[in-house]
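Below: one structure, written as structure tokens.
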Amino acid sequence: MATARTPVTPLPASGVLMSLADTAAAIRSGGFLSIAADEALLRQLPQGHWLAGSIPYFMGQGGGETTRDQLFVTALPVHGAAPRLCWYNQHNLSQIALDAPAHGLTVLIVPAFSEVHSLYAREAPGYEDMYMKPIVGWIAGVHLDDLGRAAPVVANGQTLSFRQDQALAIHIPLPETLYPRIEILNLFQPGPGDEITFPSTGFSAQECFVNGRLVNLAQYLVEQGVDTRLPLVADYSGAMINVSFKAVDAAAGHVDFYAPVFDDVVYRIAQPVPDYSQAFAGALPPDAHGASWSCNCILNYLYGELEGQRTGPITGPMTFGEIAYQLLNQTMVYVSLEAL
């Protein structure tokens, strides 16, 4: 009598956690790879066609995981012309969309807390050809225990060079028969509370307007008992975009954010999300299992207690910021390649 076989669950197309040895073997096979891992592991990788950023938090094939011993590896699509790796600093970052292929996909990794991080966050929406060329990516980080002691890094596997002050992009040409569909999955909706606007654009604020009245933001947050795990949310032409709170210093009357607030946008505090894992799984469309690249936010991982939990079929690094054209916070971004 034949023994019934246990169905084999296919590995997610958006990437998997791998050992150092298996990652090195994948690199030597010659494919183009996007890699996320602790810096110490990245520095042990062989030369090859890969780009990487430092981070030890992941949504792996077994669920949310914090590890310094494995690497998250995504095979990038290659159809004909070879992808091209390009470094960007504060002087040429504005060229990123112009450098992108006429038909293709760009994946960008930016080191957190760097000048290019700040510059991209503030100015990317105004770059020439932005929103005309598909650009996704993420902000490299460090283990939270290492904040202030270690700097996030980005690595170019073709030259085995590591940078703390430059961003790295891979420009991937695609045939006209394939279209990279970028999806933003934001669990947060604006709450019913006050309208908040800011007198200037930036990563920090002291004053803001609440329903048109000038107040100190830090004092307002404390007086209202705002749960700052919930982001500010704004409606950008139908897309809900978050700005997450980094720190609130009530004594100094100062608030820092993980992304800039803009002076021409109306924000509200988000409504609470009771179960992040269930909410992500429920919000994903049926075809999300075919996503070819993804990332999610470290704040969702922490606040949603996603360690050991799943976010539907999507895997990827849990990052210090997400990129879908512009910088995002507390958001999942994924890409699906669709036949035209």
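Couple of notes before you dig in:
- Loop-resident GluC sites (Glu not before Pro) (DSSP state other than H, G, I, E or B) in segment 130-207 with no more than 11 further Cβ atoms inside 10 Å of their Cβ: Glu176.
- For the pair Gln90 and Arg68 in one chain, pulling the backbone fully straight at 0.36 nm per residue adds 4.9 nm over the alpha carbon distance.
- In the chain, Cα pairs under 8 Å separated by at least six residues give a relative contact order of 22 percent.
- Prolate/oblate/rounded label for segment 295-336 (Cα gyration tensor, a/c 1.5): oblate
- With both residues required to sit in segment 89-188, DSSP beta bridges show an antiparallel share near 55%.
- Backbone phi angles across segment 295-311, fed through the Karplus curve with coefficients 6.51, -1.76 and 1.60 (θ = phi - 60°), yield HN-Hα couplings of 8, 9, 9, 4, 5, 5, 4, 6, 5, x, 6, 8, 4, x, 9, 10, 10 Hz in residue order; Gly and Pro are listed as x.
- Each peptide among 81-93, 163-175 gets the average number of other Cβ atoms lying within 10 Å of its residues, and from highest to lowest they stand as 163-175, 81-93.
- Of every Cα-Cα pair in segment 196-269, the percent that sits beyond 14 Å: 57 percent
- With a cut-off of 14 Å between beta carbons, the residues surrounding Glu183 carry a summed charge of -2, where Lys and Arg count +1 and Asp and Glu -1.
- The 3J(HN,Hα) values that the Karplus relation (6.51, -1.76, 1.60; θ = phi - 60°) gives for segment 84-91 are, in residue order, 10, 8, 9, 7, 9, 10, 5, 8 Hz. Gly and Pro appear as x.
- Loop sites in segment 99-139: GluC sites (Glu not before Pro), DSSP, at most 10 other Cβ within 10 Å: Glu128
- Structural descriptor for segment 196-269: relative contact order 40 percent, calculated from alpha carbon pairs under 8 angstrom and at least 6 residues apart.
- Theoretical gain in end-to-end length, Leu178 to Asp256 [0.36 nm per residue, Cα-Cα removed]: 24.0 nm
- In this structure, the amide hydrogen of Leu178, modeled 1.01 Å from its nitrogen in the peptide plane, lies closer than 5 angstrom to those of Leu340, counting only residues at least 5 positions away or on a different chain.
- Once C-alpha pairs closer than 8 Å and six or more residues apart are averaged by separation and normalised to the residue number of segment 127-240, the relative contact order reads 14 percent.
- The chain: most fluctuating residue of Thr67, Thr177, Thr319 per GNM, C-alpha cutoff 10 Å: Thr177
- Positive contributions from Lys and Arg (+1) and negative ones from Asp and Glu (-1), summed over other residues with Cβ under 12 Å from the Cβ of Phe257, come out at +1.
- Long-range HN-HN contacts of Thr319 with modeled amide H, under 5 Å: Asn296, Cys297, Ile298
- Applied to segment 331-340, the Karplus parametrisation 6.51 cos²θ - 1.76 cosθ + 1.60 on θ = phi - 60° returns per-residue 3J(HN,Hα) values of 9, 9, 10, 9, 10, 10, 8, 10, 6, 8 Hz, with x for Gly and Pro.
- Backbone amide hydrogens, once placed in the peptide plane, bring Ser14 within less than 5 Å of Thr315, excluding anything fewer than 5 places away on its chain.
- Segment 66-105-segment 214-248 distance, computed between alpha-carbon centres (Å): 32 Å
- Bins of 20 Å from zero: percent of alpha-carbon pairs in the chain: 32, 58, 10, 0
- Taking 0.36 nm per residue of separation and subtracting the current Cα-Cα distance, fully stretching the chain between Leu160 and Asp145 would add 2.8 nm.
- Helical mean residue ellipticity (222 nm; -39500 (n - 2.57) per DSSP H run of 4+; nearest 500) of the chain: -3500 deg cm²/dmol
- Rounded to the nearest 20, the Cβ-based charge dipole of the chain about its Cα centre (Lys and Arg +1, Asp and Glu -1) stands at 820 debye.
- Taken along the Cα-to-beta-carbon direction at a fixed 7 Å, the label points for Leu98 and Gln47 span 3.1 nm.
- Net charge contributed by nearby residues that have their C-beta within less than 14 Å of Ala247 (K/R +1, D/E -1): 0
Just so you know, all these numbers are worked out from the coordinates, no wet-lab data involved. Model, not experiment: these values are computed from the prediction. A quick note on method: Cβ atoms are made from the backbone with ideal geometry, for glycine too, and the neighbour counts reach across all protein chains shown.
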